[in-house]
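S.K.: Sharing a structure, written as structure tokens. Questions coming.
The values are calculated or read from the model by the stated rules, or taken from the named source; none is laboratory data. Quick caveat: nothing in here was measured; it's all calculated off a predicted structure. Every residue, glycine among them, receives a Cβ derived from its backbone with ideal geometry; neighbour counts consider all protein chains shown.
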């Protein structure tokens, strides 16, 4: 049975033991290996959003739910992340920085239920939920995800600009509006 308090404690232990995220990947992979049990504990996704499970200066744990066909523009975290999928899909495009401040595509990774991956501190990625239903993932960051100064890139020009959390919140709200209309 998945226990959120125990999971948070295991993440804290992994962070203390292994600052390069291998131990954290094992903890998250174990959590998403039993998606039904995980969803019984944290709830089955019903709306898109960034749901905070734990927030501290050195560790943020999110239950991130992507709306159907939702796309998030290229962005960075400036901290490593471990992502584990427990329902649906999450497709990532990885981007490389160019000298002029723009980016170009450099790779991709499609993630399905039970998949777990690590994103390094300097990774720039965009995210797509390619399925017509909600997709859920546990995202663990080695810092305060909400306090970090970050960048995003315009999806059309691929030019860098400051990350706009209010715009991202609106994107989740718009996804929920569409989802609500479809019900």
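S.K.: Within the range 94-127, track down each residue that is outside any strand (DSSP E or B) and more than 22 Å from residue 20 (Cβ to Cβ).
M.R.: Across the range 94-127, the qualifying residues are 98, 99, 100, 101, 102, 113, 114.
S.K.: Take residue 68 and tell me if it is within 27 Å of residue 178 (Cα to Cα), in a loop (DSSP other than H, G, I, E, B) and in contact (Cβ under 8 Å) with a residue 24 or more places away in the chain.
M.R.: yes
S.K.: Return the total of residues in the range 15-40 being surrounded by 15 or more Cβ atoms within 10 Å (Cβ to Cβ), modelled with pLDDT under 95 and assigned to a helix (DSSP H, G or I).
M.R.: Residues that pass the stated criteria total 2.
S.K.: Does the range 128-140 contain at least one residue that is modelled with pLDDT under 95, outside any strand (DSSP E or B) and surrounded by 13 or more Cβ atoms within 10 Å (Cβ to Cβ)?
M.R.: Within the range 128-140, not a single residue is modelled with pLDDT under 95, outside any strand (DSSP E or B) and surrounded by 13 or more Cβ atoms within 10 Å (Cβ to Cβ).
S.K.: Same structure, new question: Of the residues 154, 100, 76, which single one is loosely packed, with under 15 Cβ neighbours inside 10 Å, farther than 18 Å from residue 28 by Cα and in contact with a strand residue (DSSP E or B) (Cβ under 9 Å, 6 or more places away or on another chain)?
M.R.: Working: 100 fails: in contact with a strand residue (DSSP E or B) (Cβ under 9 Å, 6 or more places away or on another chain); 76 fails: loosely packed, with under 15 Cβ neighbours inside 10 Å.
Selected residue: 154, the only one of 154, 100, 76 that is loosely packed, with under 15 Cβ neighbours inside 10 Å, farther than 18 Å from residue 28 by Cα and in contact with a strand residue (DSSP E or B) (Cβ under 9 Å, 6 or more places away or on another chain).
S.K.: Same structure, new question: Taking the range 40-65, which residues are under 11 Å from the mean Cα position of the chain (by Cα) and free of Cβ contacts under 8 Å to residues at least 24 places away in the same chain?
M.R.: 51, the sole residue that qualifies.
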